[in-house]
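We did not get these values from a lab; they are worked out from the coordinates using the rules stated. Just so you know, these numbers come straight off a predicted model, no measurement behind them. Note: ideal-geometry Cβ built from the backbone for every residue, glycine included; neighbour counts use all protein chains shown.
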Amino acid sequence: MTANTHELTPETLTELLERIAREDSAALRELYDVAAPKLFGLALRILSKHEWAEEVLQDSFVNIWRFAGDYRRGLSAPMTWMSAIVRNRALDHLRRVNTQETEWSDALDDLVATGDPDPEALSAVSLQARLLDGCMQQLEPAQRQAVALAYLRDQSHSEIAETLTVPLGTVKSWIRRGLAKLKSCLGGVQ
Amino acid sequence: MNLHRYPQLVDMLAAEYAVGTLRGGARRRLQFYAEHDVVIRRSLEEWQQRLEPMAELVPARMPSAAVWEAIEQRLGFVSARSAAAGQQPPPPVPSAPVARPARNWFDNLAFWRGWAIGVTALAAIALVVAVRSLLPFGAGPSESSQTVAEQGEAVVSHVAVLNNKDAQPVLLVAWDEAHSSMTLHRLGNVQLPPDRAMQLWGIPASGHPVSLGIMPNSGNGKVTAGQQRPENYAALAVSIEPPGGSPNPDGPSGPVVFSGKLLPVS
C-alpha cells in the first residue's frame, strides 16, 4: 500500500488543529486518521502494554480536543506538540501504575533506527525530528539507548543501569557524552 | 555559586534536566535558577527543543478501532453527529422503519452483505456482456507500465458491479485470476473528497473485510490482486479512507460508498 504521507506535513496538521480549536469534530477525526498511528507508536514504546497505550492515546486526543486552542504555531511543530501531550500522559500513566516492568530491549532496536532510516517514514516527521534522527545515528548504540531510555521513558540513571545491566557510572558517562555529541551535531536551536 | 562562570556546567545541567536524569534537589535548584535567570532559562528551553522531536522518531503502530469510539463517546460527538444526520434532507420514506446503521456499522458484516444483494442475477448477465465490450480498452494507456502484449490476454474470472447508496452502478471490477489483477472501470460519478483515497475491500462469506488495495482516484485502472483469490469473497466494497488506506487492517475506517456482489463469469 502506498503510504501517502503528505497529510502529516506541519501545515496540514496546523490547519487541523486550528479547525479543532473552533470545535470542528470532523477535523479531530481527520487528525486522528493521520496522526494516531504515530502517536500510538510513541505511547506503546513508553508503556509497552497495549491497553495502557490505547488508554493514553484516548486521553491524549481528548486533551488535544480541549487544548488545541493553546497550540501556537512557531513555538513548536504540531507533531512535536502532540507528541509532548502523549509522552506526558504516558509518563503520568507509568507513574500511576508504578511499574517496574521493562519489556524495552527489543523496542530499543527499532526506536531510533540503527540501520537505514526509512525515507518514507521520515518524511512524515518534522524537520527537527529528521535532524535529531541524523544526529542520534551518530551516537554509539549504547549512548543512543541510554539517552532514549532517559528521555522517552523518563528513567533515572539507576533505572537505566538496571535496564541495560551496566554500572551506574557507565550510564552517567554514556548520557553525558551522548548529549554533548547531540549538541555539537544539532548546533544551536534555530 | 555564580553559575554564569561555568557555562559548560550550566549547559550540561540543562541537558540532564531536559533529558530527565537531573532529579531531586538538583532538579529543583536548576528550575529555581531558571525562573530567575534568563540565560539559564534559555539554555533549558534550547535543550528541551533539541530533544522534543525524539518522540516523533518512534515507529507508527495501529491502535484498535475502539480507541476512536471511546474518544467520540467521551467528547459527546456521537449524539451530536446523529442529530446532525437527522437534519440532512431528504429523510427517505419516513414511514418505513429505516434502521439507522449502528454507530460502528462498518464493523457489521450483515450490513455490508445486505447492501451487496442489490446486484441481481439479471444485472450480472448484463455485466458479463459489458465486461467483454469494455475490456479491450482496459486501463488507459498511461495507467499501466505494461503493454497489452506483455500482459497476455486478460482472462476475467469474476466481476462485480458496485453501486452507490442510490443503487446507481458506479464501478465495474473485472478480476483476472490468472494474472492476479483487477481492472476497474468507472461507470458513474465517483466523487472523492480532496486528500482521501478509495480503498477496495473483499467481503468474505464470514469474517472481516480484507483490503484489496487502494484504487486509482479516477476510478479507472488496475489493482494488483496479489495472493487474493476471488472465490474467497462474496462481495466487494469501496470505502473512503485517509491516504494510504484504513488504519484498521480488519475493515474500513471511513464510510463505505460503493458495494456489489462478486460473481463468477463462467
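A few comments on the model shown:
- Taken along the Cα-to-beta-carbon direction at a fixed 7 Å, the label points for A:S173 and B:V39 span 3.0 nm.
- Packing, as the average of other Cβ atoms within 10 Å across residues, places the peptides B:66-73, B:14-21, A:22-29, A:129-136 in the order B:14-21, A:129-136, B:66-73, A:22-29, highest first.
- Principal semi-axes of the equivalent ellipsoid, √(5λ) from the alpha carbon gyration tensor of the range B:179-251, are 19, 15, 11 Å from largest down.
- Whole-Å semi-axes of the ellipsoid equivalent to the range B:3-57 (Cα gyration tensor, √5λ, descending): 19, 12, 10
- The range A:1-101: mean projected area of Cα convex hull, nm²: 6.9
- Set of lysines near B:K261 by C-alpha distance (under 30 Å), chain-local residues within fewer than 8 positions excluded: B:K165, B:K222
- For a straight C-alpha distance cut-off of 20 angstrom, the lysines reachable from A:K38 (same-chain residues fewer than eight places away being disregarded) are A:K49.
- For peptide B:66-74, the mean count of partner chain Cβ atoms within 10 Å of a residue's Cβ comes to 6.
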